[in-house]
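The values are calculated or read from the model by the stated rules, or taken from the named source; none is laboratory data. What you are looking at is a predicted structure, and each value in this text was computed from that prediction instead of being measured. Because the Cβ atoms are built from the backbone with ideal geometry, glycine has one as well, and the counts that use them run over all protein chains shown.
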Amino acid sequence: MYSFIICCLLLIASYFIYAKCIEKIVGVDENRQTPVWRLEDGVDYMPMSRIKLYLVHFLNIAGLGPIFGAIQGALFGPVAFFWIVFGTIFIGAVHDFFSGFLSLRNDGLTMPGIIAKYLGPTAQKIIAFITVITGILVASSFATGSASLLVNLTNIPLHIWLAIIFVYFLIATLFPIDKIIGKVYPIFGILFLIMTILVIGSLITNPGYTIPEFTTQGLYLTDKSIFPYLFVTIACGAISGFHASQSPIVARCMKNENDARPVFYGAMVLEGITALIWAAAH
């Protein structure tokens with residue numbers, strides 16, 4: 001248990017210490033006008049509270065990723081805890097903060113738009129192509145995973161659940177952000193947190209289960225090389241470039257630059273903790 005607790009405390013401490021340093025580097029200015037106040041249009045640019053943006057962004061970046069990946073990565077042993085913690089602090093959360101803050105400082109532009117602005121149209125086309133391909137892969141894998149879980153719960157055929165999920169994707173994309181994303185996502189985000197809390201609660205109260213500890217003699221549960229397999233198995237929960245495609249959604253609704261650290265860095269820290277919990281549960 002002590003290994004798990006230390007890992008959680010390191011992630012939480014990074015939010016108050018390391019993320020503060022990053023804020024100073026980028027020059028967060030609470031008096032600087034954010035895009036939502038200049039570009040408010042009632043569709044994509046609408047002011048939202050910090051807590052709502054936090055829950056929306058957390059649900060956008062989390063989903064099934066930090067669950068399935070962490071469970072599979074736990075097969076490598078307690079070393080998975082190390083990767084989740086240090087990957088989240090120095091790669092994942094930093095990536096999320098900078099990608100979100102870049103969008104915030106550039107009128108809520110997406111990554112292809114930001115790249116076009118600073119690197120030119122050729123780089124934009126390359127990144128746009130990569131974004132579309134990877135976006136399709138991520139969306140299809142998440143949809144298939146969610147649909148498979150729903151099939152087990154309801155016995156409704158897989159193709160029906162897939163159709164429902166993709167119709168929902170379409171509706172959430174086309175409607176103004178406050179109609180679907182702003183109302184439904186925070187609810188699902190809270191439910192996701194409750195589920196995670198219940199999982200760790202069951203681990204703590206279960207006398208027959210012990211969370212693995214990391215020791216000099218017991219870091220690995222396999223004789224196979226952890227590189228690169230561990231680092232691609234646990235992607236969400238440590239690092240995911242897909243998050244950069246989600247950042248503009250909340251950057252366009254952020255009322256103050258002071259919200260960037262809790263929303264972008266903070267949501268990734270919570271995803272790291274989620275991954276730790278599911279890795280510990282395996």
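Could you pull out the residue among 111, 195 that is surrounded by 15 or more Cβ atoms within 10 Å (Cβ to Cβ) and within 29 Å of residue 276 (Cβ to Cβ)?
Values: 195 fails: surrounded by 15 or more Cβ atoms within 10 Å (Cβ to Cβ).
Among 111, 195, only 111 is surrounded by 15 or more Cβ atoms within 10 Å (Cβ to Cβ) and within 29 Å of residue 276 (Cβ to Cβ).
Taken as a whole, the stretch 110-118 holds no residue that is touching a residue at least 24 places away in the same chain (Cβ under 8 Å), in a helix (DSSP H, G or I), among the aliphatic types (A, V, I, L, M) and within 24 Å of residue 189 (Cα to Cα).
Taken together, the criteria exclude residue 56 from residues that are surrounded by 12 or more Cβ atoms within 10 Å (Cβ to Cβ) and at pLDDT 95 or above.
Residues in the stretch 117-139 that are surrounded by 13 or more Cβ atoms within 10 Å (Cβ to Cβ) and of a type in the set (Ser, Thr, Tyr) were compared, and the one that is farthest from residue 68 (Cα to Cα) is 131.
Here the stretch 94-107 is the region considered, the condition is being surrounded by fewer than 23 Cβ atoms within 10 Å (Cβ to Cβ) and either in contact with a Pro (Cβ under 9 Å, 6 or more places away or on another chain) or polar (S, T, N, Q) (or both), and the residue that is nearest to residue 265 (Cα to Cα) is 99. The set of residues in the stretch 150-160 being touching a helix residue (DSSP H, G or I) at 6+ places or on another chain (Cβ under 9 Å) and exposed (fewer than 12 other Cβ atoms within 10 Å of the Cβ) consists of 154, 157, 159.
Given the condition charged (D, E, K, R), loosely packed, with under 13 Cβ neighbours inside 10 Å and out of contact with any Phe, Trp or Tyr (no Cβ under 6 Å at 6 or more places or on another chain), answer yes or no: does some residue in the stretch 165-181 qualify? Can you show your working first?
Going through the stretch 165-181, the residues charged (D, E, K, R) turn out to be 178-179.
From what is left, the residues that are loosely packed, with under 13 Cβ neighbours inside 10 Å are none.
No, that holds for no residue.
Filtering the stretch 11-31 to residues that are among the polar types (S, T, N, Q) and either surrounded by 15 or more Cβ atoms within 10 Å (Cβ to Cβ) or touching a residue at least 60 places away in the same chain (Cβ under 8 Å) (or both) leaves only 14.
Here is a yes/no grid of residues against (1) assigned to a loop (DSSP other than H, G, I, E, B); (2) over 30 Å from residue 214 (Cα atoms); (3) in contact with a Leu (Cβ under 8 Å, 6 or more places away or on another chain):
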| position | (1), (2), (3) |
| --- | --- |
| 19 | no, no, no |
| 53 | no, yes, no |
| 60 | no, yes, no |
| 63 | yes, no, no |
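When you check residue 170 against the structure, is it in a helix (DSSP H, G or I) and over 26 Å from residue 42 (Cβ atoms), yes or no? In short, no. Within the set 201, 182, 237, the sole residue that is in contact with a helix residue (DSSP H, G or I) (Cβ under 6 Å, 6 or more places away or on another chain) and either on the phi > 0 side of the Ramachandran plot or assigned to a helix (DSSP H, G or I) (or both) turns out to be 237.
From the set of residues in the stretch 245-268 that are touching a Phe, Trp or Tyr at 6+ places or on another chain (Cβ under 9 Å) and within 11 Å of residue 61 (Cα to Cα), which is surrounded by the most Cβ atoms within 10 Å (Cβ to Cβ)? Applying the filter and picking the extreme gives 268. Residues in the stretch 100-128 that are touching a Phe, Trp or Tyr at 6+ places or on another chain (Cβ under 8 Å) and of a type outside the set (A, V, I, L, M, F, W, C): 100, 108.
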